[in-house]
1. Taking the stated definitions as given, is D:H85 closer than 30 Å to A:K277 by Cα and in contact (Cβ under 8 Å) with a residue 12 or more places away in the chain?
2. Just one of (1) more than 10 Å from every other protein chain (Cβ to nearest Cβ); (2) under 25 Å from B:L47 (Cβ atoms); (3) out of contact with any Gly (no Cβ under 7 Å at 6 or more places or on another chain); (4) of a type in the set (A, V, I, L, M) trips up C:I304, so point out which.
3. Just to be sure, is C:G223 out of contact with any Ser or Thr (no Cβ under 9 Å at 6 or more places or on another chain), surrounded by fewer than 22 Cβ atoms within 10 Å (Cβ to Cβ) and at pLDDT 95 or above?
4. Which of the residues belonging to segment D:141-165 are assigned to a strand (DSSP E or B) and either in contact with an Asp or Glu (Cβ under 6 Å, 6 or more places away or on another chain) or of a type in the set (F, W, Y) (or both)?
5. What number goes with the only condition from (1) away from every other protein chain (no Cβ under 14 Å); (2) surrounded by fewer than 17 Cβ atoms within 10 Å (Cβ to Cβ) that A:D60 does not pass?
6. Report, by residue number, each residue of segment C:309-336 that is assigned to a helix (DSSP H, G or I), buried (at least 22 other Cβ atoms within 10 Å of the Cβ) and in contact (Cβ under 8 Å) with a residue 12 or more places away in the chain.
7. Looking only at segment D:162-198, count every residue that is in contact with a Phe, Trp or Tyr (Cβ under 6 Å, 6 or more places away or on another chain) and either surrounded by fewer than 24 Cβ atoms within 10 Å (Cβ to Cβ) or over 24 Å from B:G188 (Cβ atoms) (or both) and tell me the total.
8. Kindly provide the set of residues from segment B:279-295 that are open to solvent by 10 Å² or more (accessible area, probe 1.4 Å) and more than 8 Å from chain A (Cβ to nearest Cβ), ordered by number.
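The values are calculated or read from the model by the stated rules, or taken from the named source; none is laboratory data. Note that the structure is predicted; figures quoted are calculated from it, not measured. Glycine gets a Cβ as well: all are built from the backbone with ideal geometry, and neighbour counts include every protein chain shown. To get the accessible areas, we keep the full protein, side chains included, count just its heavy atoms, and leave off ligands, DNA and RNA. Shrake-Rupley method; radii C 1.70, N 1.55, O 1.52, S 1.80 Å.
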Protein chains: 4
Amino acid sequence: MHMAAMIRTAILGASGFVGAELLRLAAAHSAIWPARLFGDSHAGASLPAVHPHLALAYPDLVVERYASEALQDIDLVFAALPHGHSQAIAADILDRGIPFVDLGADFRLDDAASYERWYNEPHATPDLLGRFAYGIPEINRDAIRDAKAVAAAGCYPTAAILALKPLLGLIDPGTITVDAASGVTGAGRAAKEETAFCTVDGNFAAYGLLSHRHTAEMEMALGGSILFTPHLAPMTRGILATCYAKALGPCDPLAALAEAYAGEPFAHVSERSPQTKWVLGSNAAHLTARYDARTGRVVAIAAIDNLVKGAAGQMIQCANLMLGLDEDAGLAKVGVYP
Amino acid sequence: MHMAAMIRTAILGASGFVGAELLRLAAAHSAIWPARLFGDSHAGASLPAVHPHLALAYPDLVVERYASEALQDIDLVFAALPHGHSQAIAADILDRGIPFVDLGADFRLDDAASYERWYNEPHATPDLLGRFAYGIPEINRDAIRDAKAVAAAGCYPTAAILALKPLLGLIDPGTITVDAASGVTGAGRAAKEETAFCTVDGNFAAYGLLSHRHTAEMEMALGGSILFTPHLAPMTRGILATCYAKALGPCDPLAALAEAYAGEPFAHVSERSPQTKWVLGSNAAHLTARYDARTGRVVAIAAIDNLVKGAAGQMIQCANLMLGLDEDAGLAKVGVYP
Amino acid sequence: MHMAAMIRTAILGASGFVGAELLRLAAAHSAIWPARLFGDSHAGASLPAVHPHLALAYPDLVVERYASEALQDIDLVFAALPHGHSQAIAADILDRGIPFVDLGADFRLDDAASYERWYNEPHATPDLLGRFAYGIPEINRDAIRDAKAVAAAGCYPTAAILALKPLLGLIDPGTITVDAASGVTGAGRAAKEETAFCTVDGNFAAYGLLSHRHTAEMEMALGGSILFTPHLAPMTRGILATCYAKALGPCDPLAALAEAYAGEPFAHVSERSPQTKWVLGSNAAHLTARYDARTGRVVAIAAIDNLVKGAAGQMIQCANLMLGLDEDAGLAKVGVYP
Amino acid sequence: MHMAAMIRTAILGASGFVGAELLRLAAAHSAIWPARLFGDSHAGASLPAVHPHLALAYPDLVVERYASEALQDIDLVFAALPHGHSQAIAADILDRGIPFVDLGADFRLDDAASYERWYNEPHATPDLLGRFAYGIPEINRDAIRDAKAVAAAGCYPTAAILALKPLLGLIDPGTITVDAASGVTGAGRAAKEETAFCTVDGNFAAYGLLSHRHTAEMEMALGGSILFTPHLAPMTRGILATCYAKALGPCDPLAALAEAYAGEPFAHVSERSPQTKWVLGSNAAHLTARYDARTGRVVAIAAIDNLVKGAAGQMIQCANLMLGLDEDAGLAKVGVYP
């Protein structure tokens, strides 16, 4: 590996699931090199101690406590932090002119009032909101390519928006329901009874009834009035979003999806009902849709891996665009199936 | 055990999952005795060979090929057969005057045209349809108690109908969407690639888009126009039905559920979002509901064990009513959790 | 229910998994009534808040902080506490003359030095050790029946001892290896990263190499020199113990098991390789064994549900014996399969 | 991609799990191009119909019926067929001088009598046995590099041999026990009740007691007398082999493993007990070992992904060596965790 030519990358939140996934994907990327790893809760620990599955690829890396000075030789910043944290550091990163891909919710919404309403706290740096492009390349590629900062979309919104955005001329956006199921990695690494094996195994339930914050992103991108119900499924990875809306009239939503995503490297449209395991570990989104003449409604379905297309993979896809690399560098199109 | 006083019961379909579950529940029932077991595909086999988990309770039972004559000393017939099969034998059982609880789809719909439309074949004995009571005790108890024949409801309809029936005055039935997830036992015991471990483990997908036959039962019981999307979840048992509809106005659907099911032995209404594993192995249904003022819609959710409240347990609950036994005889209210 | 005739039972550790399981089993028991529930970490909470799956059976019970005075009207004490805790309260319970079944490790070993060696702390009440019978009815029924106090066996030892005890004349006890896999409930309810869904799902690993404390119980009951390696399997319940030893000569270990357990209500011996799900939720143990002429060794295998035959079920089985009830009262012989 | 420079590869058994995995890995390989896919049971089908997860990478490939003529422009043959099938075609492939990596059991054992004993049929081409190198690079690298034909090792033997081979001077090979657990992909793609989701989910059991054919490979590579007990674990992928033997004396088996595998690209030795999910989807093997002074025995443990290091990945690793490519080309060292 010619490290001199590599893009020196800092990962904030390196001890979490998304941090680990960024490192896994970087190991297969020809240009992105994880130069500095930040993770306050595990600061000082060797990476193999924090993520044993990464031991063979990165035997010598160490997790550090974050400090602004550490960014001085950095060419790219990835942040995967709890919401609120990026607001405290974004100005510094942007001032340094370092390309920045943030996965937190801090800069996804385009207006501070919406942030405050859904996150129950005022936005600390509302003036920066306009400097972030919303990070779903399939619907916002040009803006991402030109941006210095990208707010990668949430996992559920990525699935729902990919399924519904091309159908907006066919459906009544005031009637959208998004019913989605997620694997447990969506809840993060911290141990909680809600995500303990004995709680989740063989179990299926809805959560966050009426109040899940990703509703805001979906309404920003799709307009209309969206009722979103997330469910926790007994699986580690994957999101399936099953989306419903009243049709404006007889229509062919499958053709609309196929047309919208023709030539896309990571979006696959098919008549087959997508399965989350088909995309496990990959950056692919599998999609289908139907018009139901009996009820006059449309169903559109998307499957993604929440940690890849819904997080680390989309971050790298965005970074590839920002840096002028091949958009698919380091990203698999093929799931680890079965 | 005083076998002389026991109700001599025949089980048709004894080698399948529902047959096994009837036997499991019968082992804890003070009055129901499985006298004859029928299952053509395993005829001649000992029960422990067909269902090893039942070996300690029934070391000596044998599965037989079905023959009408075998019913002569029988006091109760349970049938858990693929749809179509019960039509061929129901007249004989009814003529003999034996109480009959059928789990097939054959006698659930109240009109033959609807059966033909959803099952793609004419009904063979439409004149018998009127002699079966629809088997969900919580909404049809008196009719079941008086009936000689009961068509126990399907698994998905049981969940959806329990969640929505008490809300019919609050919602527009023309806007109902039922989005449900089922454990894999719902697909039966026969080995298929679709239900292989490697296919389902860590996977989540919708199936039967627009066309699942249980839609007919839901529309019969609830009226309106229902779009039903079933999903296969990576778990053995359990159904969660998440049901949506436009509200007629601001309302309190949770109170409506609580009022409807006050005093019910197996229906539990709570503000908590129900989890399928809470009811595993039991005949319980856990329910909740919400009115969303933001979108003007209602969400109602039910969790059941598809093999118990959605099949064998409900059959026994119906039989208990028909035979004048305690309604909860042999039936657990408590799930095997975790 | 005639509560006047019920055995008023106190459960210590009611908020844990074993506490919940005792309550689930008690709901099907004709004589055991959970009169008082103790659990310091959840003191003051209603039982449905602590264990939602028990809501329909026990809508009104409340968890209390433990106090000795609360035992005054109690007829039976079950304790399922972390090791060390029972030593502090056993003398009081025994002085009151209340039958006591303890699941902790405190009183299982017959000598205090062994306790200190494996648990790294001196035993606080070594004089009480002799008053506890070791609680595996199949190998110690008479002592249990006569005892006022029983130390129910550990989950792994129950499986290994049932598999090996009848073979002691056929094998060299100095060569025993016990390789076992357990479901995750064996690790208790407290949230830990080691037992998080994302850690365990799709994963299999050994733990506690060379040092698992249950080794001491196995050596006490079987003699010899035992190397025990536990594994964590991605399942909620169940233990499979695969046990190896050098044979003293050609032998028929399957016949030895069958003879030892003939007539036992909960032990099933078969040529079929036992599966943990066959016994899920039941008090059954399924067993098999082989002599391998090629290597001169014996393999013996037992499957149990760690929360039932390995914990709460065995406690109730012991209590039934102590109280002169039917040994199988309240205990299923049939697993919840599939 | 410069397809002119690619190695035109034929895959026999392309519709199975190993075939799919070869295709997944080839999609990330800079030199191996799947030019022809053979799979009689799915002949004529498009690859996306047979393996939907591969649709984005290979939209246009088709599965064909095997014919010798189809090999004329082929540079490399991978075969993943049921045992017995490779014997019928190996001579043709070898005569054509095409490098051949076979995953079947046909050419793994070095003597035909052993094949006949364990596979219950005479070997059809015993004269070819000597032309195959046994395919575990870590223990046989030079022979593989020089060979035109390689018999890639079985999944269980790969794990057991990696764990034990470096310890042969420290243990008595006459006392080896291999107790292993496998994910369900090890049983192949064909639908069977034994590998149905409802059978395996939440279940753990041993199978093939005393008679698993992989015993022969282990004894060939390790010598001695091996008792091997495989178990089926409720997970899709992964093998954990826990291996036991009497030590010849006090020893440091962990140091022996570390020394043996220093510098290996895919073998990671650590004091941590290896977990199968750490290596999921990767070609890595994680290993540990202990000497137990109390019993005088050694425990050695290896974790691999049965479909990668135990099958497709090892095949590609061998092909890389045979063709003079980088040994790790196309192969991940990092598991898809969690």
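1. On the way: closer than 30 Å to A:K277 by Cα: no; in contact (Cβ under 8 Å) with a residue 12 or more places away in the chain: yes.
The answer is no for D:H85.
2. (3)
3. Values: out of contact with any Ser or Thr (no Cβ under 9 Å at 6 or more places or on another chain): yes; surrounded by fewer than 22 Cβ atoms within 10 Å (Cβ to Cβ): yes; at pLDDT 95 or above: yes.
Yes, satisfied.
4. Of all residues in segment D:141-165, those assigned to a strand (DSSP E or B) come to D:149-152.
Within segment D:141-165, D:A151 is the sole residue that qualifies.
5. (1)
6. Residues of segment C:309-336 assigned to a helix (DSSP H, G or I): C:309-323.
Adding the requirement that they be buried (at least 22 other Cβ atoms within 10 Å of the Cβ) leaves C:309-321.
Selection gives C:K309, C:G310, C:A311, C:A312, C:G313, C:Q314, C:M315, C:I316, C:Q317, C:C318, C:A319, C:L321.
7. Here is the first cut: in segment D:162-198, the residues in contact with a Phe, Trp or Tyr (Cβ under 6 Å, 6 or more places away or on another chain) are D:177-178, D:180-181, D:184-185, D:189, D:195, D:197.
Going one step further and asking which of them are either surrounded by fewer than 24 Cβ atoms within 10 Å (Cβ to Cβ) or over 24 Å from B:G188 (Cβ atoms) (or both), we end up with D:177-178, D:180-181, D:189, D:195.
Matching residues across segment D:162-198 total 6.
8. Within segment B:279-295, B:Y291, B:A293 meet the criteria.
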